[in-house]
Every structure is written in C-alpha cells, then in structure tokens.
Amino acid sequence: MRYNRGPIYLGQPNREMSIFCFGLSHQTAAVDVRERFAIPESALPEALARLKTMPGLTEGLIVSTCNRTEFYVTGEFRERPTAAFFQSLYRDFRAGDERHLFRLWADRCVRHLFRVASGLESLVVGETEIFGQIKRAYEFATGAKTTGKLLNRLFQKSFQVGKQVRSSTAITRGSVSVGSVAVDLAEQIFGDLDGCKIMILGAGETSEKTAKAFRSRGAKQIFVSNRSYDKAVALAEAMGGRAIRFDDWEQEFRDLDILVSSTAAPHAVVTRAKIEPILRMRRDRPLFIIDLAIPRDVEPTVPELEAVYVYDLDSLRAIADRTLETRKKEMDACNSLIEKHASDFEFWLNRASERVISPAAIEHPQT
C-alpha cells in the first residue's frame, strides 16, 4: 500500500506532536527474533514505566503479541535512530537486530495501526484476536497514565476502523485465526481427525480458538492442560474433553498424536529432557507438535528427536498465505475504509491544536 500524504502535525510546526511506531513483526523478523522482543502482559506495567522515562517522550503505548512488538509514541523522535530506540529498552540487543526493525512516522503510523487493528497486517489476514489484544494494550497504557490526547484519539479511532472493516467486508471469511490454520495443518497430515488424540497446553484465547477449531473438524479426543487447573477444566468441559493437571501432561504422551502448545510461560515447557524418555515407549509412532507461543514453548532441540515433527508460527505462514487468496478481493474495500478514517484523523489532528481531550473523558470501547 502506498502512502502519499505528508507528515501529520498537531499545529504547524510542532515537533512534540509527531506520532511514531517503532517495531518489528512477522513480516520483518523470524520467530526466534520476535520472542526476544516480546513483552508478556504480566511485564507490561514495568515496560510502560521504563518507556515513560524515555527522554523526549510525551505519550507511549506498547502492543506486544505473538507476531509483533510495537511501540506507539509521541514526542521528539524524528532524529532518533530505530536501533537506538530499542537499545534503550532492551539489554539483550544484538548485532544484526536492527535489520528486523522498522519506524513509521505520522500518517504512515496512523494507517499502519488501522491496518493492524483490522487484521490486515496479521499472519492470518482477517483474524480477530488482534483487535482484543490492541484493546488490552490500550487499557494497560491508560491505566499506567502513559497516553494522552493524541494516542487516546488514535486508538479510539483504530477500534472504530477495526469494527467497520470486519462488519462491512468479507475479510474474515475462511480460516481467520492461527488456531484454525493449525487445524488446517493437522488435517493435511492426518486427514480425518476423528481418531486423533490431541492435547492443548494452555487455556487462553488462542488455545480456546484452536480447541474449538479441532472440535468443529470432528476431533473427539481433546485433552487440555494448564497451570490453572480450573481454567483447564472449563475449556475441556466446553469441548467435551478432559482436563489434565499441568504437572501430569507428559503422562499422556504414550499414545498422543498432536500436541498444540500455547502457554504464556517465559521459557520452554516442552523440553527434550521431558519427552525423550517417553518417546522410547511410543515405538517410532510420529508425534506432531504445533507451537503457537511467543516465546516458544518447545525447546529448539526437540525437532532433532526421531519421529517428532515441530511446527511453529513461521511454519504456518505458507498455509495462511493460501487462505489469503480467497480474501484478496476484499482488500480494496478494506483499504478504502482505512484511507477514509486516516483522512478523518488527519483532519481532526490539524484542527485540534487548542483542544484537549482528557483521558478520563475517553469512553472505553465495547466489543
């Protein structure tokens, strides 16, 4: 998509009011890079507190998901190199990381956020999970008091855009979640899922959507394990499956066909040390593991084991790209809506130099 408009300012010329997005995504970085920059929800308050102290920053918000980590900021960042921005926030910044990063300024930043909120920049184009993730990111930032009139207005607008794009176009047709694409992969491997024994590690939104997708395709043997046993029970009962305590999930490996892992653990939970002894009892029966987590749940050496096949988020890209073909014709309609809303936001921005929007007066969006 081309961006033809010039930079957006709130009052000309006002350096402080420029809007920027510093980030990386599945389009610029592989999963092993993304997982090093990912910020789990539990760490967002601390990350926002660090961001708030950054010199030149007026407002800030962090969106971090499995497929992107993006910092939306306002302030004096025109001369700030992208690598320097990240180096001030990450101790583990490595040589070569800069080639995976991007910086978007003004109208490009606005259009990018609208596309992200609409699911157009997702690995699975049209998926809806990103909408809720952006809403939660906004709630964290407003709770930490790191947003102000620009980001409040921008993100409120992005919620409006995301809803309209999905309700006014057919962009959500087909497999429109990472979970549903994972099930597409499972069907390619096994064909009929009726006889497959499937375990879901994790009970969050991605796990729930994946379990529902398996159930809708005929899977009957679904097991759910989660650190919170109550959540595992709730999801398992909804799927007609069985809950397993998190400390006991390896015991089900003897006749397991598919393991889908999507926990929020900061480290690998499916390790070589855990599953190698169990594999000896499987007598070369293949085990397919689909890792939907960031950071990855599966230890990098696990694919080296005999008869174990591991697919991570990047492995699902080819399947997701095939489902995109059925929705490409909707892109023009989506882009037209986004362009209209971006122009509306620019008009507001250029007319609002004397107007102040109190964060307390902003009404949180409802789904």
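Take residue 178 and decide whether it is of a type in the set (Val, Ile, Thr) and in contact with a Phe, Trp or Tyr (Cβ under 7 Å, 6 or more places away or on another chain).
no
Within the set of pairs 6 or more residues apart or between chains, which connect a residue that is within 14 Å of residue 22 (Cα to Cα) inside the stretch 96-117 to a residue that is in a helix (DSSP H, G or I) and open to solvent by 10 Å² or more (accessible area, probe 1.4 Å) with Cβ atoms less than 6 Å apart?
Close Cβ pairs (under 6 Å, with a partner that is in a helix (DSSP H, G or I) and open to solvent by 10 Å² or more (accessible area, probe 1.4 Å)) amount to 98/83; 100/33; 101/82; 103/82; 104/112.
Can you name the residue in the stretch 68-125 that is open to solvent by 60 Å² or more (accessible area, probe 1.4 Å) and not in a loop (DSSP other than H, G, I, E, B) and is also nearest to residue 342 (Cα to Cα) among such residues?
My answer is 108.
What number of residues in the stretch 165-186 are assigned to a helix (DSSP H, G or I), touching a residue at least 12 places away in the same chain (Cβ under 8 Å) and surrounded by fewer than 17 Cβ atoms within 10 Å (Cβ to Cβ)?
Within the stretch 165-186, residues that are assigned to a helix (DSSP H, G or I), touching a residue at least 12 places away in the same chain (Cβ under 8 Å) and surrounded by fewer than 17 Cβ atoms within 10 Å (Cβ to Cβ) number 1.
Count, please, the residues in the stretch 254-298 that happen to be touching a Cys at 6+ places or on another chain (Cβ under 8 Å) and free of Cβ contacts under 8 Å to residues at least 12 places away in the same chain.
The qualifying residues number 0.
If you take the residues of the stretch 27-40 that are in contact (Cβ under 8 Å) with a residue 40 or more places away in the chain and touching a helix residue (DSSP H, G or I) at 6+ places or on another chain (Cβ under 7 Å), which of them is surrounded by the most Cβ atoms within 10 Å (Cβ to Cβ)?
Going through the qualifying residues, I end up with 29.
If you scan the stretch 99-113, which residues turn out to be of a type in the set (D, E, K, R) and modelled with pLDDT of 95 or more?
Residues satisfying the conditions are 99, 103, 111.
Taking the stretch 42-75 as the search range and keeping residues that are touching a Ser or Thr at 6+ places or on another chain (Cβ under 8 Å) and acidic (Asp, Glu), which one is farthest from residue 132 (Cα to Cα)?
Only one residue fits best here, namely 59.
Is one or more of the residues making up the stretch 322-329 modelled with pLDDT of 90 or more, under 20 Å from the mean Cα position of the chain (by Cα) and among the β-branched types (Val, Ile, Thr)?
no
In the stretch 4-46, which residues are of a type in the set (Ser, Thr, Tyr) and either within 15 Å of residue 73 (Cα to Cα) or at pLDDT 95 or above (or both)?
9, 18, 25, 28
Could you check the stretch 220-229 and list, in sequence order, the residues that are in contact with a strand residue (DSSP E or B) (Cβ under 9 Å, 6 or more places away or on another chain), under 16 Å from residue 263 (Cβ atoms) and open to solvent by 40 Å² or more (accessible area, probe 1.4 Å)?
229
Taking into account only those residues within the stretch 252-309 that are among the polar types (S, T, N, Q) and under 21 Å from residue 214 (Cβ atoms), which is farthest from the chain's Cα centre (by Cα)?
261
Which residue, of 285, 217, 242, is farther than 19 Å from residue 40 by Cβ, out of contact with any Asp or Glu (no Cβ under 8 Å at 6 or more places or on another chain), of a type in the set (D, E, K, R) and open to solvent by 60 Å² or more (accessible area, probe 1.4 Å)?
242
Residue pairs, Cβ under 6 Å, 6 or more apart or interchain, first in the stretch 51-71 and free of Cβ contacts under 8 Å to residues at least 60 places away in the same chain, second of a type in the set (D, E, K, R). List them.
Every condition considered, the pairs that remain are 56/76.
Which condition from (1) farther than 30 Å from residue 170 by Cβ; (2) in a loop (DSSP other than H, G, I, E, B); (3) open to solvent by 20 Å² or more (accessible area, probe 1.4 Å) is the one that residue 54 breaks?
All conditions pass for residue 54, except number (3).
Filter the stretch 302-334 for residues that are in a helix (DSSP H, G or I), farther than 23 Å from residue 33 by Cβ, open to solvent by 30 Å² or more (accessible area, probe 1.4 Å) and touching a Leu at 6+ places or on another chain (Cβ under 8 Å) and give the result.
Once the filter is applied, which keeps residues that are in a helix (DSSP H, G or I), farther than 23 Å from residue 33 by Cβ, open to solvent by 30 Å² or more (accessible area, probe 1.4 Å) and touching a Leu at 6+ places or on another chain (Cβ under 8 Å), the stretch 302-334 yields only 331.
The values are calculated or read from the model by the stated rules, or taken from the named source; none is laboratory data. Please read all numbers here as calculations on a predicted model, not as lab measurements. Using ideal geometry, Cβ is built from the backbone for each residue, glycine included, and neighbour counts are taken over all protein chains shown. Note: areas computed on protein heavy atoms with side chains; ligands, DNA, RNA excluded. Shrake-Rupley method; radii C 1.70, N 1.55, O 1.52, S 1.80 Å.
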